[in-house]
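Nothing in this text is a laboratory measurement; each read-out follows from the coordinates by a stated rule. Computed from a predicted model, the values in this text were never measured in an experiment. Don't worry about glycine lacking a Cβ; one is built from the backbone with ideal geometry, like all the others, and counts go over all protein chains shown.
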Amino acid sequence: MNVLLSIKPKYVDLIKSGIKKYEFRRKIFSKAGRCKIFIYSTSPVKKITGVFDASMIHRDSPYRIWDMCGTYSGLSEEEFFQYFRGCEIAYAIEIKNLVTFDRPHDPSDYFLEFTPPQSYRYFDPQQEFLPFGRKRRSAEA
């Protein structure tokens, strides 16, 4: 399964640098497990910038997630707890085998009617990541 996650550019940079080894979420995709996560760097970048394996997703209270992952969060403790304010459960997606693209890719080249995901988006067979340089043809074409 493939998932596209929207991530702010400042956090994408921390992921690329190796400082941020976990991506945090308040909600997780229901098909969690062994999957590929494609990184959609939000505005102003608006590109797919890389992919990583998400074989380990931790689920626990925000306090326990902070204790376990805070050192490699790329966040201050204040930022972390502000994000999880009001949440009883926090998710930490471990970032493994990161591959960054030399040229970030415009998602409209690979997806029909692309709309940036609010948090995440699954790929179905009609919207699967295409080989670079190929564009899907519309049904009318």
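Using all pairs of distinct alpha-carbon atoms, the Kirkwood hydrodynamic radius of region 2-112 works out to 14.4 angstrom. Evaluating 6.51 cos²θ - 1.76 cosθ + 1.60 at θ = phi - 60° for every residue in region 91-107, the Karplus couplings come out as 10, 10, 8, 6, 8, 10, 6, 5, 10, 9, 7, 4, 10, x, 10, 6, x Hz, glycine and proline recorded as x. Straight-line cross-link reach from Lys36 at under 16 Å between alpha-carbon atoms covers these aspartates and glutamates, not counting any fewer than eight positions away in the same chain: Glu23, Asp53, Glu94, Asp124, Glu128. One decimal place: the segment Asp67-Lys27 gains 12.5 nm when fully extended, by the rule 0.36 nm per residue minus the C-alpha distance. With each label modelled as a point 7 angstrom along the Cα→C-beta vector, the Arg34-Ile89 pair spans 2.3 nm. The aspartates and glutamates whose alpha-carbon is closer than 14 Å to the alpha-carbon of Lys27, local same-chain residues fewer than 8 away aside, are Asp60, Glu88. The residue list Ser61, Tyr40, Phe24 was ranked by how far each Cα lies along the charge dipole of region 22-84 toward its positive end, using unit charges on Cβ atoms, and Tyr40 comes out on top. Between Asn97 and Ser76, the modelled labels are 3.7 nm apart [label points 7 Å from Cα along Cα→Cβ].
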